[in-house]
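Participant: Have a look at the structure that comes next, please.
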Amino acid sequence: MMEFDCQTIAPDSFTGAIMAVEGISDAAVLLNGPTGCKFYHGSISEILLPRAEYLDPLYYSEEFYFGQPRVPATYLDDYDYVFGATQKLEKILPVVAEKGHSLIAIVNSPGAALIGDDLERFIKNACLPVPCIAIENTGFSDSFAAGFQDGVIQVIKKVDPRPGTTQKHRVNLMGLSIFHHHWQGNVNELTTLLNACGIEVNTVLCAGTTIARLGKLATAECNLVIHQEYADQLAPFLNDRFQLPTLMPPVGAPIGFEATEAWIRDVCHSLDLDPGPAMAIIRSARKRSHEVLNRFNSLTGLPKGATFAVSADSSIALPLVTWLYNYLGMVPVAVKLAETVDCFVDGLNAFLHRIDCADALNADMAGATPDIVIGSEADISRQRLAGYPFSGIDISLPAASHIHVVEKSFMGAQGTLYLIEKIINGLFRGM
């Protein structure tokens, strides 16, 4: 479910818990709730991590699925809210268990959590051949990050990975969900840079992984964080349970050349490896960007001096704003933060003060009239309603209105080139 007001469209902990489980390729959410809570999550999870090869709604017309291959639901009605969902739960569990999943998570909608059905009892009495967990309370109106991390933790407790022989230079990527825009492209780009330095990516918790891969997470040497907002509770849990340390690079997510280089250096220093091969890849991307920007600037004088607005989590906003100003010479006029971590907020605040743009933090985008808006599709659409000309680049929250065929990334070397391409073409069209 989503929270709506005139300024904010943001996922909550309910969506976070669902995406944690649906981000595992062979796991499934069984939603104990009404159909109104089912259709969005069933649709977006299949868009973000496709599983079905055949999407004819008639093929999924059986009870509980309602034409969608994902997130079957008990379709609670007023009777169920009074007398409980016992009969529907007893009927739906065997149906979902027959679908070949390696794990099923029964997730209560916020309303269903108030009924008081004992989900653990239903699971026990069902005697299913598939491991099941019950997420009875997703936190109601807590943040997406909180619900996501809680969902991941409950899955790991159920999978119960056994300590194995630690494999040197093997890592887990953490702090990323399938709900992050271009998640697959970002994972592949960072994996390319890590592999170049001799680092193996074991699994991603929980974006595109499998139950079997999660069972081997304790064989990694450490965890590498991409977005700290989505790992601050998960990291201490993994350390306490598996003595698995976590590296949280202080620069934030690897966005822009400088932050990507710093991220790679921190990782390689921690693992006692040479970052040189990855740096060579980044230098090649820098050369390409210099050639393109030099030509564009000679014709237009841009992007230097163009204004921009950013709406994103703090781990994205800090490196992005820093790179746009330092590398492209662009000026921040509005910076809006979603999920936050204190160190990144403090770093961003200090940077904006240093460049005399302190008023940009939390400034109203509509009043700032930026040339470029970087954020979610909702932020871009809201800015368009203000009637000012600008170019939008969506990097946060899934953009359902655009079908992406070519894989994209906005992290790492290739991701930085992608952002440059979007920025200069947006500025060129706006001239």
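The values are calculated or read from the model by the stated rules, or taken from the named source; none is laboratory data. Model, not experiment: these values are computed from the prediction. Methodologically, a virtual Cβ is constructed for each residue, glycine included, from the backbone with ideal geometry; neighbour enumeration extends over all protein chains shown.
Participant: Taking the condition without any contact (Cβ under 8 Å) to a residue 40 or more places away in the chain and hydrophobic (A, V, I, L, M, F, W, C), does LEU128 pass?
Facilitator: In short, yes.
Participant: Now a separate question. Could you please let me know if PRO249 is of a type outside the set (Lys, Arg), modelled with pLDDT under 95 and closer than 30 Å to ASN349 by Cβ? Give the steps one after another, and end with the answer.
Facilitator: Values: of a type outside the set (Lys, Arg): yes; modelled with pLDDT under 95: yes; closer than 30 Å to ASN349 by Cβ: yes.
Yes: the conditions hold for PRO249.
Participant: Within the range 156-178, which residues are in the same structural domain as THR209 (by TED's automatic domain parsing) and in contact with a Phe, Trp or Tyr (Cβ under 7 Å, 6 or more places away or on another chain)?
Facilitator: Those that are in the same structural domain as THR209 (by TED's automatic domain parsing) and in contact with a Phe, Trp or Tyr (Cβ under 7 Å, 6 or more places away or on another chain): GLY175, LEU176, SER177.
Participant: Which residue out of ALA262, ALA220 is within 17 Å of LEU190 (Cβ to Cβ), of a type in the set (Gly, Ala, Ser), without any contact (Cβ under 8 Å) to a residue 60 or more places away in the chain and in contact with a Leu (Cβ under 7 Å, 6 or more places away or on another chain)?
Facilitator: ALA220
Participant: Out of contact with any Ser or Thr (no Cβ under 8 Å at 6 or more places or on another chain) and in the same structural domain as SER376 (by TED's automatic domain parsing): which single residue out of VAL321, VAL345, VAL333 fits that description?
Facilitator: VAL321
Participant: Looking for something exposed (fewer than 15 other Cβ atoms within 10 Å of the Cβ) and closer than 30 Å to HIS290 by Cβ - is there at least one such residue anywhere in the range 356-372?
Facilitator: Taking every residue of the range 356-372 in turn, at least one turns out to be exposed (fewer than 15 other Cβ atoms within 10 Å of the Cβ) and closer than 30 Å to HIS290 by Cβ.
Participant: Next question. Given the conditions (1) under 19 Å from the mean Cα position of the chain (by Cα); (2) crowded, with 22+ Cβ neighbours inside 10 Å; (3) not in a helix (DSSP H, G or I), which single one is not true for GLY415?
Facilitator: Status for GLY415: all satisfied but (3).
Participant: With within 11 Å of VAL310 (Cβ to Cβ) and either modelled with pLDDT of 90 or more or touching a Cys at 6+ places or on another chain (Cβ under 9 Å) (or both) as the only criterion, which of ILE380, ILE374 stands out?
Facilitator: ILE374
Participant: What's the total number of residues in the range 308-364 that are over 20 Å from PRO250 (Cα atoms), free of Cβ contacts under 8 Å to residues at least 24 places away in the same chain and assigned to a helix (DSSP H, G or I)?
Facilitator: 2
Participant: Restricting attention to the range 383-412, report how many residues are among the hydroxyl-bearing types (Ser, Thr, Tyr) and either at pLDDT 90 or above or within 16 Å of the chain's Cα centre (by Cα) (or both).
Facilitator: 3
Participant: So, in the range 368-399, exactly how many residues are small (Gly, Ala, Ser) and without any contact (Cβ under 8 Å) to a residue 12 or more places away in the chain?
Facilitator: Residues meeting the conditions: 2.
Participant: Considering only residues of the range 232-259 that are within 24 Å of LYS216 (Cβ to Cβ) and in contact with a Cys (Cβ under 8 Å, 6 or more places away or on another chain), which is surrounded by the fewest Cβ atoms within 10 Å (Cβ to Cβ)?
Facilitator: PRO245
Participant: Of all the residues that make up the range 49-99, how many are within 28 Å of the chain's Cα centre (by Cα) and under 22 Å from LYS124 (Cβ atoms)?
Facilitator: 7
Participant: While we're looking at this one, here's another question. Is it the case that ILE226 is surrounded by fewer than 20 Cβ atoms within 10 Å (Cβ to Cβ) and farther than 18 Å from GLU407 by Cα?
Facilitator: no
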